[in-house]
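Right, one structure below, let's go through it.
The values are calculated or read from the model by the stated rules, or taken from the named source; none is laboratory data. Just so we're clear, the structure is a prediction, and the values are computed from it rather than from any experiment. Cβ atoms come from the backbone with ideal geometry, glycine included; neighbour counts cover every protein chain shown. When the accessible area is computed, the model is the full protein with side chains, heavy atoms only, and any ligands, DNA or RNA have been set aside. Shrake-Rupley method; radii C 1.70, N 1.55, O 1.52, S 1.80 Å.
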Amino acid sequence: MMTDPRNKGNYERYLSQTHECKVLSKPELAEVLKNMQFKQVQKGQHLIDQYDVRNYTFFLKKGFFKTESVNSDCGSSFMSFLCPEMVFPLRGMDTDRSYYYTATALTDAEVVYIPRSLFDKLRYSNHQFSLKITKQMDDVIAETETFLQRTSNSSAKGKIEQALRSINEQFGADDNLKDGRQIPFPITIKELSYFCGVNRKTTSLVIRELVRAEKISYTDKYLFFPDFTFET
């Protein structure tokens, strides 16, 4: 759903203040603002689809997305999450002609986007801009490596607990909460099973066990974590 064009100024201010665009020169920023587009994405709506032509790069202003890629057998092979202030997609910036994954809004969201050609031009011409993008890529890789290290030798239960730990560390918010951290977007058992790499039945059983043990709360697809964390 497109947003009211009268709100363009709000999106221009947002984009101007992102970590990436703050390092642009005045002419570069003017070109970005001239070519930017913006939209609201309703919960459950796809923003991009896997294998569509990769024409744009997105800045996530508000809301959360899940990203999911499928293999040749149409089975889910990868799932992750996007949170505000992230730039995406970053994988395959110099090689991929299509989007690697489908991005689906987990909450109502707002994005600003620019042509991929302009994004690439800035990466090549502005060293500081390129460093900002590289830093975000490094952060994503580090989080992925940490998750894989935690789960590589774990049991099914251990994989699920470590997946929950990672979700809590990356996305848990404690605003106005005195007794724990809330994940600000819904996650279904199916999505958790994909993220953990464990079948849905086992994931459901472990989640129920953790709820009974009061290690987590899971209500209406929203996760809540008390003050303690998983140590396994």
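How high is the FRET efficiency between Lys221 and Tyr100 when r is their beta carbon distance and R₀ equals 30 Å, given to the nearest 0.05?
Values: r = 26 Å, r/R0 = 0.86.
Efficiency, rounded to the nearest 0.05: 0.70.
Mean separation of Cα pairs under 8 Å and 6+ residues apart, divided by the residue count of the chain: what relative contact order is that in percent?
Relative contact order here is 19 percent.
Here is the link list: Lys22/Lys43; Lys190/Lys215; Lys43/Lys132; Lys39/Lys159; Lys22/Lys61. Which ones come out longer than 27 Å on Cα distance?
Over 27 Å apart, Cα to Cα: Lys22/Lys43; Lys43/Lys132; Lys39/Lys159.
Accessible area per residue of the chain at 1.4 Å probe, in Å²?
Per residue, the chain has an accessible area of 55 Å².
Tell me the angle of helix 26-35 to the major Cα principal axis of the chain, expressed in degrees between 0 and 90 and rounded to the nearest ten.
70 degrees
Are there chymotrypsin sites (Phe, Trp or Tyr not before Pro) in region 90-163 that DSSP puts in a loop and that have at most 15 other Cβ atoms within 10 Å, and which ones? Before the final figure, lay out each step's value.
Working: sites: Tyr99, Tyr100, Tyr101, Tyr113, Phe119, Tyr124, Phe129, Phe147; in loops: Tyr99, Tyr100, Tyr101.
Answer by residue number: there is no such site.
Longest segment of the chain with no trypsin sites (Lys or Arg not before Pro) in a DSSP loop having at most 13 other Cβ atoms within 10 Å?
1-96
Report the net charge of residues surrounding Val53, where surrounding means a beta-carbon distance below 14 angstrom and charges are Lys +1, Arg +1, Asp -1, Glu -1.
So the surrounding residues net to 0.
For Gln17 and Thr188, what is the calculated FRET efficiency with R₀ set at 41 Å and r taken between the beta-carbons, to the nearest 0.05?
Computed FRET efficiency for Gln17 and Thr188: 0.75.
State the Kirkwood hydrodynamic radius of region 74-116 in Å, one decimal place, computed from all pairs of distinct Cα atoms.
After inverting the pairwise mean of 1/r, the radius is 12.5 Å.
Given bins 5 angstrom wide, list per bin the percent of all Cα-Cα distances in region 57-158, short to long.
Distribution as computed: 2, 10, 17, 22, 21, 15, 8, 3, 1, 0 percent.
Express the relative contact order of region 129-195 as a whole percentage, based on alpha carbon pairs under 8 Å and six or more residues apart in sequence.
20 percent
Which log10 I(q)/I(0) values, to two decimals, does region 3-111 give at q = 0.24 Å⁻¹ under the Debye formula with one point per Cα?
So the normalised log intensities work out to -1.42.
Once label points are set 7 Å from the Cα along Cα→Cβ at both Lys43 and Lys121, what is their separation, rounded to one decimal in nm?
3.9 nm
What's the angle, to the nearest 10 degrees (0 to 90), between helix 127-151's Cα axis and the longest principal axis of the chain?
The helix 127-151 is inclined about 10 degrees to the chain.
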